[in-house]
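Reviewing the structure listed below.
Computed from the coordinates by the stated procedures, all read-outs in this text should not be read as laboratory data. Everything numeric here is computed off the predicted structure, so don't read it as measured data. Cβ: placed from backbone, ideal geometry, glycine included. Neighbour counts: every protein chain shown.
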Amino acid sequence: MWEFTARSLEASTIFTFAALGELIDQRSGILNVGIEGVMLFGATFGFIAAQSTGSYWLGFLVGITIGGLLGGLHGFFSITLGVDQVVSGMGIWILGFGLTTYIGNPYTGPLGLPRIPTILGLSPFFYLGIVLVVVTWFVLSKTSLGLRIRSVGENPSVAEVSGVSVAKTRYLCVTVAGMLMGLAGAIYSLDYNPVWNYNFLMGWGFIALALVFFSMWNPFILLGGSLLYGTLWQLSLNPQLVLPGFMSRYLWRTVPFVTTLGVLLVMSTKWFRTRWGAAKPEALGTPYVKE
Amino acid sequence: MRIGGSELKLEKRPALTGWNAALISVLAIILALVLFSLIFILAGINPLVAYQEIFSIAFANAFGLPLTINRFVFLVLCTCAFIIPFRAGLWNIGMTGQLYGGALGSFAILFAFGAKQANSFSLSPVILIPLMLVAAALGGAAVGAIAGFLKGRFDVNEIVVTMMLNFIMFWLVAFMIKEGGPFMNPGGRGESFELPASAYAPLFMGIPFTVFLALGLALLLYFMFARTKIGFQIKAYGHSPAAARYAGISATKIPLLVFVLGGALAGLAGYHYFAAVPGVYKIARNYGFFGDLAFYGIICGLISLGNPLAAIPVALLFGGLSIGGRFAQGKLGMGFGVDYALLGVLMITLVAFQFFHRYKIVRENTGENTADVGVHR
């Protein structure tokens, strides 16, 4: 049972990192639906770097860097070019899905490095994730940088008038967000499940996207959601550990996705919106053009 | 930016004319293919040779051409499945799940008539094939309807919903065809039972009849958008859901309608690949690959700017490119996934070109230094 719990917590770590990135994105008013693509890039390039150099450090560094670059690319499209953010995010996702399939293919198979040592039986990233949640919360709600980020997410023209550079702030956010997503991917392919296969994420990034909507843009709720989904995901992979013989294992795989639909539905009801709907960043998804 | 006596400036476009849009799309495809040359160069292959190989396999080869046409049919259906919601301002990225729904629908008909046990079949194909088509359309429409209903009734983000449905349907197919699932092949090879020979789709010169179906549907859609009230309502909703509501167009009905129609078309695409293309005739073990292909539908839909007629040549080109890429990779000694990589590069180039839908580059005389340079434009 401890094994199951530990794996669940490690799975939730990946959701935490990816969704935290998206949360930072969205608080600054940028919607990135291409999380899965950024994660695939981070995972694949991190995997290749770690396998060819034998260094985990380098693997994670490459994963973070490529994530940051892709985040910046999304920023370039949606901030500088003013392209529809959904289109740009979809582009990043399909680019990631397509290119990593080709680039990673020769590396199909296990990583072949000694596993990353655990701390108290858990991946060190689990603790790092919790620290990052606290840091993100602190920065967003207690610092002037956080105020800037939130103001460009709520009302960019007012922020611009009061002397905040919308473009700069948003670029900062998309890049940091991309780095977190890239790192999430690298954690998956180097620590959680160090085997490369094409399109291996199968929905992690999209669940992370939904998690941000669930979190009401609050890092702590996001952490709770990640823990829930990490457990659910792990359960869907190994249902026999908890409920042996109940439902086909393929049907279990649909459980996290069906649950997501259910939660999204509840959140979209009028009852829910009138109570908590105000948490959504006002300018989310709308390109800002400086006049 | 200054060049000589003139200055290059960005200017906002008032509106995009059809020809300009087509030009932008063509330029985007060309630039993507140029960018994609890098992949060949990195693999140590002359890009010109590679493209020649790809195009000759796809369009000038007795083996490749039928494959291209089959994929073209699939892509036209997937593109139209994307286009219908797209015209209403909604994103259908769930063609994958919808086509799985279509495949399951048509195999359910076969299953209901006992095709799993007996390979000989009493039911006439004249009844059976239309039944399978209807079931495929219904299967796809049912999957689409979930997204449309949730969007229309509760305003749930349709991108997340359709993506979730893709994964749900992927595992549902796995459940149906693997490890003792109802549609499992009696031989248990992790794939569905095979179509009885009497249920094979009629062929015309080696191409299943679905090619006419796809072309006809694209034409029909074009007229729906150009001439009919419902087409107008969809477009009005796409421009402004709020304004459409004032005009008496139901904000719950339109999303449901476009996703049902789109889903039905994607369902037919599922029928096409799993029950009509010669040599397949079952839900194969690698059905996920066919699902991935549906994402080309997004690209085709964006390039053709939601015009079902423009989708026809675009789908033919991309059908050919993906087939050519797949078979050229073996011939040129490249790794697996050339067609996937192409998908990615095309998509990202297209995204960048969206910029030109809103802006254009104009050249202006600055006036001051034209005299001494002496060059006038």
How big is the charge dipole of region A:1-137 about its Cα centre, in debye rounded to the nearest 20, if each Lys and Arg gets +1 on its Cβ and each Asp and Glu gets -1 on its Cβ?
-> 200
Spherically averaged projected area in nm², based on the convex hull that wraps the Cα atoms of region A:46-148 | 9.1
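Quantify how strongly other chains surround peptide A:56-63 by giving the mean number of their Cβ atoms within 10 Å of each of its Cβ atoms. Intermediate values should be presented prior to the final figure.
Details: counts 0, 0, 0, 0, 0, 0, 0, 0.
If you average over the peptide's residues, the count of other-chain Cβ atoms is 0.
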Derived scalar couplings ³J(HN,Hα) [region B:111-117; Karplus, 6.51 cos²θ - 1.76 cosθ + 1.60; whole Hz; x for Gly, Pro] | 4, 4, 8, x, 5, 5, 7
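Computed from the mean reciprocal separation of all distinct C-alpha pairs, what Kirkwood hydrodynamic radius does chain A have, in Å?
Working: mean 1/r = 0.0520 Å⁻¹.
The Cα-based Kirkwood calculation yields 19.2 Å.
Among A:H74, B:H357, which comes first, then next, by fewest other beta-carbon atoms within 10 Å? Walk me through the numbers before you get to the answer.
Working: A:H74 29, B:H357 16.
The most exposed by this proxy come first: B:H357, A:H74.
Could you tell me whether region B:113-236 comes out rounded, prolate or oblate from its Cα gyration tensor? Rule is a ≥ b ≥ c as square roots of the eigenvalues, rounded for a/c under 1.5, then prolate if a/b exceeds b/c, otherwise oblate.
Working: a/c = 2.85, a/b = 1.34, b/c = 2.13.
Here region B:113-236 falls in the oblate category.
Which whole number gives the average count of other chain Cβ atoms within 10 Å of the Cβ atoms across peptide B:295-307?
1
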For chain A, what does -39500 (n - 2.57) per DSSP helix run (n ≥ 4), summed and divided by total residues, give at 222 nm, in deg cm²/dmol to the nearest 500?
-> -23000 deg cm²/dmol
Taking neighbour counts of Cβ atoms within 10 Å as a proxy for exposure, in what order, fewest first, do B:M176, B:M205 appear?
-> B:M205, B:M176
Compactness of region B:76-310 - radius of gyration and Dmax, Cα, Å = 17.8, 59
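Is the shape of the protein assembly as shown best called rounded, prolate or oblate, per the rule: a/c under 1.5 gives rounded, else a/b larger than b/c gives prolate, else oblate, with a ≥ b ≥ c the square roots of the Cα gyration tensor eigenvalues? Spell out each step's value before the answer.
Working: a/c = 1.40, a/b = 1.12, b/c = 1.25.
It is rounded, given that a/c, with a ≥ b ≥ c, falls under 1.5.
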In debye to the nearest 20, how big a dipole does region B:76-310 give about its Cα centre with +1 on each Lys and Arg Cβ and -1 on each Asp and Glu Cβ?
-> 480
Sorted by Cβ density within 10 Å, fewest first, the residues B:R245, A:R27, A:R275 = A:R275, B:R245, A:R27
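Using 20 Å as the Cα-Cα cut-off, could you pick out the over-long pairs in A:K270/B:K235; A:K168/B:K9; B:K151/B:K229; B:K178/B:K282; A:K280/B:K151; A:K270/B:K151?
Values: A:K270/B:K235 27 Å; A:K168/B:K9 23 Å; B:K151/B:K229 22 Å; B:K178/B:K282 13 Å; A:K280/B:K151 18 Å; A:K270/B:K151 13 Å.
Check vs 20 Å cut-off fails for A:K270/B:K235; A:K168/B:K9; B:K151/B:K229.
If you average 1/r over every pair of different alpha-carbon atoms in region A:211-268 and take one over that average, what Kirkwood value in Å do you get? Numbers along the way, then the final one.
Numbers: mean 1/r = 0.0820 Å⁻¹.
The Cα-based Kirkwood calculation yields 12.2 Å.
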Along the charge dipole of the protein assembly as shown, which of B:I249, A:G225, B:G190 sits closest to the positive end, that is, farthest toward it, with unit charges on the beta carbon of Lys, Arg, Asp and Glu (+1, +1, -1, -1)?
-> B:I249
Would you work out which of B:L75, B:G291, B:L213 lies farthest towards the positive end of the dipole of chain B? Charges go on Cβ: Lys and Arg +1, Asp and Glu -1.
-> B:L213
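What are the semi-axes of the equivalent ellipsoid for region A:167-221, taken as the square roots of 5 times the Cα gyration tensor eigenvalues, largest first, in whole Å? List each step's numbers first, then the result.
Values: eigenvalues 111, 50, 20 Å².
Value: 24, 16, 10 Å, ordered largest first.
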Taking chain B and counting helices only, DSSP H stretches of n ≥ 4 at -39,500 (n - 2.57) each over all residues, the nearest-500 ellipticity at 222 nm comes to -21500 deg cm²/dmol
